[in-house]
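For reference, the structure is listed below as structure tokens.
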Amino acid sequence: MPGASDTAELLARVRARPLPRHVAIIMDGNGRWAQARGLPRVAGHRQGAAAVRSVTRAARRLGLEALTLYAFSIQNWSRPTDEVEALMLLLVEFLEKEQQELLTNGIRLNAIGDLARLPGQVAERLAAVRAATAGGQGMTLTLALSYGGREELVHAAQVAAASGRPIDEAALAAGLWTAGLPELDLLVRTSGERRISNFLLWQAAYAELYFTDTHWPAFDERELLTAVADFQARERRFGLTAEQVAAHEGGG
Ligand code: IPE
Ligand code: IPE
Ligand code: MG
């Protein structure tokens with residue numbers, strides 16, 4: 001297992017190069033992590049919540065502007081009632097326990113999704129922590145809760161249509177739940193699946209994708225830094241040729 005000094009060295013190396021402004025993570029594999037240990041799925045979710053804490057801390061230490069975590073999809077409402085209830089309880093517990101640390105570290109809590117579907121207790125805690133941390137300047141932590149990318153696009157189209165103005169790219173972007181966040185640079189998915197599962201469909205247009213076999217509960221600072229280092233080694237071309245990109249970078 002790599003030691004703390006290796007992680008510190010990796011952190012220094014990653015910090016020395018341009019960082020992605022906005023990283024999003026599809027936190028998958030809680031169930032499989034638990035299953036592999038003969039534990040109930042909810043034990044995986046509990047360990048997953050601990051990973052959210054440590055990865056949030058690591059992202060802040062690294063200096064990311066925005067971290068967006070896919071915690072619960074609209075489609076996840078169809079899971080067994082017990083599991084949904086356990087997830088909602090864990091969410092309340094997370095919000096209660098983290099408020100102080102978020103405040104201390106200047107982290108603004110944000111949430112995206114069809115939040116009206118959340119149980120009252122969750123919605124209240126969420127609103128309270130969002131209000132308390134609204135002034136946070138260090139990083140925006142966005143939890144995607146009851147989130148779906150298609151549903152978000154429908155919402156954005158409705159907002160744009162209701163405005164009565166022409167529906168162009170800017171109008172749709174303004175109606176997205178993510179309006180105001182930086183462009184998505186890096187999208188990570190844990191646990192070996194290579195799919196988007198209805199996450200940030202619009203925002204992922206030019207995001208770099210990174211997949212790891214690590215289950216979410218085992219994802220840590222080192223894994224985050226490894227993903228960012230991988231991002232930093234890539235050339236983003238946005239439809240241009242490599243020569244054009246080089247000329248643009250050379251010209252500033
Ligand atoms: C991700 O882990 C957490 C949620 C989707 C809420 P899963 O619960 O999907 O874990 P697997 O994919 O079954 O292992
Ligand atoms: C995506 O994971 C949703 C979250 C991580 C919250 P799922 O486990 O729900 O996705 P599928 O079912 O494998 O596509
Ligand atoms: Mg899954």
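The values are calculated or read from the model by the stated rules, or taken from the named source; none is laboratory data. Since we're looking at a predicted model, the values are computed, not measured. Cβ atoms come from the backbone with ideal geometry, glycine included; neighbour counts cover every protein chain shown. Only protein heavy atoms, including side chains, enter the accessible area calculation; ligands, DNA and RNA are left aside. Shrake-Rupley method; radii C 1.70, N 1.55, O 1.52, S 1.80 Å.
Of note:
- Filter pass, E183 being more than 16 Å from ligand 2 (Cβ to nearest atom), over 17 Å from the mean Cα position of the chain (by Cα) and open to solvent by 70 Å² or more (accessible area, probe 1.4 Å): no
- Every residue from the stretch 39-51 that is surrounded by 22 or more Cβ atoms within 10 Å (Cβ to Cβ) and not small (G, A, S): H45
- V228 being in contact (Cβ under 8 Å) with a residue 60 or more places away in the chain, of a type in the set (A, V, I, L, M), surrounded by 19 or more Cβ atoms within 10 Å (Cβ to Cβ) and within 16 Å of ligand 2 (Cβ to nearest atom): no
- Residues that are open to solvent by 20 Å² or more (accessible area, probe 1.4 Å) and within 13 Å of ligand 1 (Cβ to nearest atom), drawn from the stretch 195-205: R195, S197, N198
- Condition check for T190: of a type in the set (V, I, T) and either modelled with pLDDT under 95 or under 21 Å from F72 (Cα atoms) (or both): yes
- When L67 is tested against (1) touching a Lys or Arg at 6+ places or on another chain (Cβ under 6 Å); (2) within 15 Å of F219 (Cβ to Cβ), exactly one condition is not met: (1).
- Here S73 meets the list (1) within 16 Å of ligand 2 (Cβ to nearest atom); (2) more than 21 Å from A123 (Cα to Cα) almost entirely, failing just condition (2).
- Residue list for the stretch 147-198, filter: hydroxyl-bearing (S, T, Y) and within 16 Å of ligand 3 (Cβ to nearest atom): Y147, T190, S191, S197
- When the stretch 52-96 is filtered for residues that are under 14 Å from M139 (Cα atoms), open to solvent by less than 40 Å² (accessible area, probe 1.4 Å) and either within 11 Å of ligand 1 (Cβ to nearest atom) or in contact with a Pro (Cβ under 8 Å, 6 or more places away or on another chain) (or both), the ones remaining, listed by number, are L64, A66, L69.
- Residue satisfying all of: in the stretch 11-63; free of Cβ contacts under 8 Å to residues at least 12 places away in the same chain and touching a helix residue (DSSP H, G or I) at 6+ places or on another chain (Cβ under 7 Å); farthest from A233 (Cα to Cα) among these: P40
- F199 vs. criteria closer than 19 Å to A66 by Cβ, within 15 Å of ligand 2 (Cβ to nearest atom) and touching a Lys or Arg at 6+ places or on another chain (Cβ under 9 Å): yes
- Residues in the stretch 167-209 that are more than 23 Å from T226 (Cβ to Cβ), without any contact (Cβ under 8 Å) to a residue 24 or more places away in the chain and out of contact with any helix residue (DSSP H, G or I) (no Cβ under 7 Å at 6 or more places or on another chain): D168, E169, A170, A174, G180, A205.
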